[in-house]
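Beneath this line is the structure, given in C-alpha cells, with notes to follow.
None of the figures in this text is laboratory data; all of them are computed from the coordinates on show. Computed from a predicted model, the values in this text were never measured in an experiment. Here the Cβ positions follow ideal geometry from the backbone for every residue, glycine too, while neighbour counts run over all protein chains shown.
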Amino acid sequence: MIEGIEQLYQEIAQAMIATLFEEWSSAKFEAIFYPTSSVFEAEYIRSVDGKARSFAPLDSGIEAIEQVRQLFQDAGRPLWGRASFELLPNGQFSMTFGYDGCDADGNAIFDEDQEVEREGARRRRLTQ
C-alpha cells in the first residue's frame with residue numbers, strides 16, 4: 001500500500017457524497033488522463049428507479065484523484081491512464097486502475113472511435 005493513499009480515497013468519497021442529494025444505490029467517479037488533458041465524469045444509480053444520472057463531485061475529488069496518481073509516480077509504480085472509483089451508500093468502495101491503451105508515460109492514448117463509443121454508451125445510460 002502506498003502511504004497516504006487511504007486518506008485520498010476518503011477525500012474522493014466525501015467529494016462524491018457531498019453532491020448526491022437523493023437516495024442512490026451506487027456511484028462512480030471516473031478519470032482519464034491523456035498527455036495534454038484529463039476527463040473526469042461521475043454518475044450514480046438512483047435508488048427509486050435504478051436509473052443512471054450524472055453528477056458533479058466537489059473539485060476536491062478531482063484533486064484527490066490527481067494526487068493518487070502522483071503518489072503512484074512518486075512511489076515508482078506504473079502510472080495508469082484511467083481510474084474508476086466506485087462507492088456504495090454503506091461506505092464500501094473500490095478503485096480500479098486501467099493500464100491498457102496507455103503510452104510509455106502512463107497516459108491514455110486517444111482513440112476517437114473508442115471515445116465516441118464510450119460517450120455514446122454514457123449518453124444512453126443517462127437518458128434512459
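Would you compute, for the Cα atoms of region 5-126, the largest minus smallest coordinate along each principal axis and list the three values in descending order, in whole Å?
44, 36, 20
I need the calculated FRET efficiency for the pair VAL39 and LEU71, taking r as the beta carbon distance and R₀ as 22 Å, to the nearest 0.05. Don't skip to the answer; put the middle values down first.
Numbers: r = 20 Å, r/R0 = 0.93.
For VAL39 and LEU71, the calculated efficiency is 0.60.
Return the whole-Å distance between the Cα centroid of region 57-128 and the Cα centroid of region 1-54.
10 Å
Which net charge results for the neighbourhood of GLU112, defined as the other residues with beta-carbon distances under 11 angstrom from its beta-carbon, given Lys and Arg at +1 and Asp and Glu at -1?
Here the charged neighbours net out to -4.
Chymotrypsin sites (Phe, Trp or Tyr not before Pro), restricted to region 1-105: which are DSSP loop and have at most 15 other Cβ atoms within 10 Å? Walk me through the numbers before you get to the answer.
Values: sites: TYR9, PHE21, TRP24, PHE29, PHE33, PHE40, TYR44, PHE55, PHE72, TRP80, PHE85, PHE93, PHE97, TYR99; in loops: PHE21, PHE55, TRP80, TYR99.
Those that pass, being in a loop and sparsely packed, are PHE21, TYR99.
Among the helices of the chain (complete DSSP H runs), which have Cα atoms covering no less than 30 Å along the helix axis and a Kyte-Doolittle mean of at least -1.0? Please report the intermediate quantities before stating the final value.
On the way: long enough: none.
What comes out of the filter, once short or polar helices are dropped, is none.
Picking from PHE33, ALA15, GLN70, whose Cα lies most toward the positive end of the charge dipole for region 5-126 (charges on Cβ: Lys, Arg +1; Asp, Glu -1)?
ALA15
What does the charge count near GLN70 come to, summing +1 for each Lys or Arg and -1 for each Asp or Glu among other residues with Cβ under 14 Å from its Cβ? Present the calculation step by step, with values, prior to reporting the outcome.
On the way: positive: ARG69, ARG77; negative: GLU3, GLU11, GLU63, GLU66, ASP74, ASP105.
Net of charged neighbours comes to -4.
Could you give each residue of region 31-44 its phi-based ³J(HN,Hα) in whole Hz, using Karplus coefficients 6.51, -1.76, 1.60 with θ = phi - 60°, and x for Gly or Pro?
10, 10, 10, 9, x, 10, 7, 9, 10, 10, 9, 9, 8, 9
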